[in-house]
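Right, one structure below, let's go through it.
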Amino acid sequence: MPVSDKTAIITGAGSKRGIGRATAHALAVAGWNVAILDLDEPSAKEAADEVAEQRQVQTAGIGCDVTDEGSVEAALAALDGSLPPVGALVNNAGITSPTRFLDVTDEEWDRIFAVNVRGSYNITRRVAPGMAVRRFGRIVFLSSVSAERGGGVFGGVAYSAAKAGQLGFARALARELGPNGVTVNSVAPGLIGTDITGGALEGERKAQLVAQIPVGRNGNVNDVADLITFLCREESSYITGVTYDVNGGSHIH
């Protein structure tokens, strides 16, 4: 089946300036039907309406707390039958934390892992079986350069550890699901202009950060969305278990 007969789920895609919404648009341009899940239900619905209006594909916007199993099950139940079968999952929902390790609380550590790791598990565990049965699936995790270089501009130890957890999750899952026609990859963005980073990308601070990037600019959401869309293509079936860096050369390894 072509991707027009399939649905791509993007979690955490309600934010107007986020990677998730840009990815929803990019996947729709490529022919995917799109389901946007976000903790903020009005934003999810608004994003879905925007994509449907501009891209002429089927969409759904559903409120969903990825850390809550019941919420995830309810969101997927709402999708069942209303859109074509799920062919792609983009685990984009995440939260960051700049807190130093010596200052982090147990509650904050658990919250970072709940969204980034447990949240990815909660939804992946529920959509992967159907992908395996249909023998087609594309799963993409949104990790971070912080997981690779040990911290970064915005992420402290909790964030880096959680994002590194996603990399191990994706690699092991790629091995397991490969025989079932399902690929699993990760994208590790560097400095990207989003709502999360917005306040930090101003004036002298921005100039200092950009000076460390070989291509001479910070990234934008489309830089990441285009790569995710490439990984979700039917033609990308021989690419799995890989981490793709999107950082303008700021971290080369």
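The values are calculated or read from the model by the stated rules, or taken from the named source; none is laboratory data. Note that the structure is predicted; figures quoted are calculated from it, not measured. No Cβ is skipped: glycine too gets one built from the backbone with ideal geometry, and neighbour counts run over all protein chains shown.
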(request) Can you tell me which residue among Gly199, Gly155, Gly168 is of a type outside the set (Lys, Arg), modelled with pLDDT of 95 or more and either crowded, with 20+ Cβ neighbours inside 10 Å or not in a loop (DSSP other than H, G, I, E, B) (or both)? (result) Gly168
(message) For the stretch 218-225, check the following and say yes or no: at least one residue is assigned to a helix (DSSP H, G or I), under 20 Å from Thr7 (Cβ atoms) and not β-branched (Val, Ile, Thr).
(response) yes
(request) Test Thr124 against the stated conditions and say whether it is surrounded by 17 or more Cβ atoms within 10 Å (Cβ to Cβ) and outside any helix (DSSP H, G or I). (result) no
(request) Among the numbered conditions (1) assigned to a helix (DSSP H, G or I); (2) within 15 Å of the chain's Cα centre (by Cα), tell me where Thr194 comes up short. (result) (1)
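Taking the residues in the stretch 15-37 that are touching a strand residue (DSSP E or B) at 6+ places or on another chain (Cβ under 7 Å) and not in a helix (DSSP H, G or I) as candidates, determine which candidate is surrounded by the fewest Cβ atoms within 10 Å (Cβ to Cβ).
For the stretch 15-37, the residue satisfying everything is Asn33.
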(message) Within the stretch 38-51, does at least one residue satisfy the condition of being over 19 Å from Ala128 (Cβ atoms), in contact (Cβ under 8 Å) with a residue 40 or more places away in the chain, in contact with a Ser or Thr (Cβ under 9 Å, 6 or more places away or on another chain) and of a type in the set (S, T, N, Q)?
(response) no
(message) Can you say whether Gln166 is on the phi > 0 side of the Ramachandran plot and not charged (D, E, K, R), as far as the supplied structure shows?
(response) no
(request) Would you check which residues across the stretch 98-121 are polar (S, T, N, Q) and loosely packed, with under 14 Cβ neighbours inside 10 Å and list them? (result) Thr105
(request) Please find, among Gly156, Gly165, Gly63, Gly87, the residue that is in contact with a strand residue (DSSP E or B) (Cβ under 9 Å, 6 or more places away or on another chain) and touching a residue at least 40 places away in the same chain (Cβ under 8 Å). (result) Gly87
(message) Please verify whether Glu46 is under 20 Å from Arg118 (Cβ atoms), at pLDDT 95 or above and either assigned to a strand (DSSP E or B) or not hydrophobic (A, V, I, L, M, F, W, C) (or both), treating the condition exactly as stated.
(response) no
(request) Identify, by number, the condition in (1) surrounded by 14 or more Cβ atoms within 10 Å (Cβ to Cβ); (2) touching a helix residue (DSSP H, G or I) at 6+ places or on another chain (Cβ under 7 Å); (3) free of Cβ contacts under 8 Å to residues at least 60 places away in the same chain; (4) more than 30 Å from Arg135 (Cβ to Cβ) that Asn222 doesn't meet. (result) (3)
(request) Identify, by number, the condition in (1) modelled with pLDDT of 95 or more; (2) part of a loop (DSSP other than H, G, I, E, B); (3) buried (at least 18 other Cβ atoms within 10 Å of the Cβ) that Ala75 doesn't meet. (result) (2)
